[in-house]
Amino acid sequence: MERRRLGRTGMEASVLGFGGSEIGYQRASLKSVERLLGGALDAGLNVIDTAECYEDSEELIGRAVGERRGDYLLFTKCGHARGEWRADWRPPALLRSIERSLKRLRTDRVDLVQLHSCSLDVLKRGDAIAALETARERGWTRFIGYSGDGAAAKWAVESGRFDTLQTSVSIADQEALDLTLPLARERAMGVIAKRPIANVAWRYARKPAEPYYQDYWERLRALDYPFLRGKATGAVRTALRFTLGVPGVHTAIVGTTKPDRWRENAALLGDGRLPEAEREAIRARWKAVARPDWEGQI
Ligand SMILES: NC(=O)c1ccc[n+]([C@@H]2O[C@H](COP(=O)([O-])OP(=O)(O)OC[C@H]3O[C@@H](n4cnc5c(N)ncnc54)[C@H](OP(=O)(O)O)[C@@H]3O)[C@@H](O)[C@H]2O)c1
């Protein structure tokens with residue numbers, strides 16, 4: 001598994017990471033998470049991303065692989081109470097959230113804490129960022145980051161106060177390629193691609209009932225990339241290699257609940273490079289079809 005330096009953090013991250021929201025929201029069992037993460041770590045995974053609000057995700061990760069803490073870089077997020085989408089960006093609440101995360105993850109320090117998609121106004125106020133800086137001073141985290149999209153992500157990059165940016169990058173979400181990634185790269189920030197295979201939203205023949213998948217499903221219908229009509233594994237392979245070929249992207253945190261999925265995707269990646277002509281065709285199609293309101297999806 002290829003590793004890339006996560007910008008100025010100096011951390012060496014596996015290009016294929018693990019996104020921890022699905023195991024929480026879809027109530028994966030401890031047994032399946034043990035198999036999933038244990039097998040993936042053995043096969044070269046070293047990036048695990050989660051958040052306090054992803055239901056049991058942190059707890060499952062801590063219980064499944066807490067004893068192998070030295071084998072992976074651990075990223076979490078704060079700002080939303082567990083199990084809800086209600087935000088609290090006040091510094092004491094953020095610090096309490098980070099303390100809870102450490103307990104659940106069975107560690108005394110994570111590698112990265114990210115503000116979980118707070119608004120531009122919250123960012124500008126500055127006290128939420130200061131809370132993360134306090135956590136870093138206290139040794140609870142090595143680095144701090146912003147996770148989000150659009151104008152807030154742009155401001156976060158320009159502020160110079162974050163070590164990393166986690167943002168949506170995929171065949172169905174290309175705003176960041178012009179809006180934030182060039183500057184993030186210039187500033188040597190670590191970049192984590194979230195939703196990197198657009199939730200494989202093209203797998204649904206009809207519009208999915210789950211609102212989280214609907215925007216990407218609609219966009220992909222309009223984009224109608226020819227490779228999506230081919231074999232399912234070939235399409236995932238192209239989508240993943242597109243994201244990992246975007247300049248400045250260091251790791252793609254694909255979410256799954258399936259015990260063998262990470263290893264299957266690692267095998268699909270191959271040498272990780274999408275031929276230039278295919279990359280250009282995806283970019284050209286996006287530029288021709290994308291509507292102005294196709295913003296980065298949280
Ligand atoms: N605001 C934020 O900070 C924010 C927002 C969204 C996401 N995130 C982070 O980004 C991570 C990834 O996002 P995501 O999970 O929404 O999107 P994603 O990684 O683009 O898509 C995950 C979906 O793809 C499916 N999948 C994976 N490999 C596949 C394959 N080879 N063939 C068919 N289906 C496949 C998975 O289903 P199976 O279960 O069947 O494998 C899962 O439903 C999250 O876990 C989270 O850590 C952060």
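The values are calculated or read from the model by the stated rules, or taken from the named source; none is laboratory data. These numbers come from a predicted model, not from an experiment. Cβ: placed from backbone, ideal geometry, glycine included. Neighbour counts: every protein chain shown. Ligands, DNA and RNA are excluded from the accessible area calculation, which covers all protein heavy atoms including side chains. Shrake-Rupley method; radii C 1.70, N 1.55, O 1.52, S 1.80 Å.
Tally the residues that are touching a helix residue (DSSP H, G or I) at 6+ places or on another chain (Cβ under 8 Å) and crowded, with 18+ Cβ neighbours inside 10 Å, restricting the search to the range 56-79.
Result for the range 56-79: 14.
Determine which single condition THR233 fails, assuming it passes every other condition in (1) among the polar types (S, T, N, Q); (2) closer than 23 Å to PRO182 by Cβ; (3) within 10 Å of the ligand (Cβ to nearest atom).
(2)
Residue by residue through the range 89-101, note down the ones that are open to solvent by 20 Å² or more (accessible area, probe 1.4 Å) and among the hydrophobic types (A, V, I, L, M, F, W, C).
Once the filter is applied, which keeps residues that are open to solvent by 20 Å² or more (accessible area, probe 1.4 Å) and among the hydrophobic types (A, V, I, L, M, F, W, C), the range 89-101 yields TRP89, LEU95.
In the range 196-214, is there at least one residue being open to solvent by 10 Å² or more (accessible area, probe 1.4 Å) and in contact (Cβ under 8 Å) with a residue 60 or more places away in the chain?
No, the range 196-214 contains no residue that is open to solvent by 10 Å² or more (accessible area, probe 1.4 Å) and in contact (Cβ under 8 Å) with a residue 60 or more places away in the chain.
Kindly establish whether ALA222 is within 15 Å of the ligand (Cβ to nearest atom), open to solvent by less than 70 Å² (accessible area, probe 1.4 Å) and over 20 Å from GLY20 (Cβ atoms).
Numbers: within 15 Å of the ligand (Cβ to nearest atom): no; open to solvent by less than 70 Å² (accessible area, probe 1.4 Å): yes; over 20 Å from GLY20 (Cβ atoms): yes.
Spelling it out, it is not the case that ALA222 is within 15 Å of the ligand (Cβ to nearest atom), open to solvent by less than 70 Å² (accessible area, probe 1.4 Å) and over 20 Å from GLY20 (Cβ atoms).
Name the single residue, out of those in the range 68-110 being of a type in the set (Gly, Ala, Ser) and away from the ligand (no atom under 16 Å from the Cβ), that is farthest from ARG3 (Cα to Cα).
This residue is ALA93.
Determine which single condition ALA64 fails, assuming it passes every other condition in (1) touching an Asp or Glu at 6+ places or on another chain (Cβ under 7 Å); (2) assigned to a helix (DSSP H, G or I); (3) closer than 28 Å to ILE129 by Cβ.
(3)
Taking VAL200 and the conditions (1) more than 12 Å from the ligand (Cβ to nearest atom); (2) part of a helix (DSSP H, G or I), which numbered condition does it fall short on, given that it satisfies the others?
Single failed check for VAL200: (1).
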